[in-house]
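Enquirer: Please find one structure pasted underneath; my questions will follow.
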Amino acid sequence: DAVACINQLASYGDKACKAKSAVTVMCKIGGAQITAVVPGGRYPTSDTCQNMARAAGKIMDKCTRADQTVNGAGYSFGNGNIAIHLSAPTDD
C-alpha cells in the first residue's frame, strides 16, 4: 500500500502538491497514508508531487519494520518547510 501511495504521488510529476493546512493527507491507500505536515503556521505551501514521492520513498527505504509496515518522516526534497510522514492511516 505504501508503494501504491508513493507511485500515485510520483505519477503527478512536477504538478504542485499543496499542503493547505498544518496537516494535509496527500494519499491514503489501504494500510498506508502519506501526510504533509507544515509546522509553525507556514501554510499553505507546496512542492512538486515528485519531490514528496521521493521523500516518501526514502522513508520507506529507511523506516520499514520487520512486520513490513512503514512508519517514519522526512522533509520534502524541494521544500524544507514540509515534513512528509509515511505511516498507517490515522482515524479522522
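Enquirer: For the chain, which cysteines have no disulfide-compatible partner, meaning no other cysteine Cβ under 4.7 Å?
Expert: Lacking a cysteine Cβ partner under 4.7 Å: C63.
Enquirer: So if R0 is 22 Å, what FRET efficiency would A66 and S11 give, r being the distance between their Cβ atoms, rounded to the nearest 0.05?
Expert: With R0 = 22 Å, the Cβ-Cβ based efficiency is 0.15.
Enquirer: Determine the gain in length on full extension of the stretch I29-R42; use 0.36 nm per residue of separation and subtract their C-alpha separation, reporting nm with one decimal.
Expert: 2.0 nm
Enquirer: Distance between Cα centroids, segment 40-73 to segment 1-30: provide it in whole Å.
Expert: Cα centroid to Cα centroid, the span is 9 Å.
Enquirer: Would you list, by chain and number, the lysines whose Cα falls below 17 Å from the Cα of K15, excluding same-chain residues fewer than 8 positions away?
Expert: Of all the lysines, none pass the test against K15 - Cα under 17 Å, at least 8 places apart if same chain.
Enquirer: Still on this structure: So for each of 40-51, 79-90, 10-21 I average, over its residues, the number of other beta carbons within 10 Å; can you give me the resulting order with the highest mean first?
Expert: Averaged packing, sorted descending, gives the order 79-90, 40-51, 10-21.
Enquirer: 7 Å from Cα along Cα→Cβ at both K20 and D1: what's the point-to-point distance in nm?
Expert: Taking the two extended label points, one gets 2.3 nm.
Enquirer: Excluding residues on the same chain fewer than 8 positions from K20, give the aspartates and glutamates whose Cα lies under 20 Å from its Cα.
Expert: Straight-line reach from K20, under 20 Å: D47, D91, D92.
Enquirer: For the chain, compute Rg over Rh where Rg is the Cα radius of gyration and Rh is the Kirkwood radius from the inverse mean 1/r over Cα pairs.
Expert: Using only Cα positions, Rg/Rh for the chain is 0.94.
Coordinate-derived values only; no laboratory data. Note that the coordinates shown come from a computational prediction; the quantities given were computed from them, not determined experimentally. With ideal geometry, Cβ positions are generated from the backbone for all residues, glycine too; neighbour counts draw on all protein chains shown.
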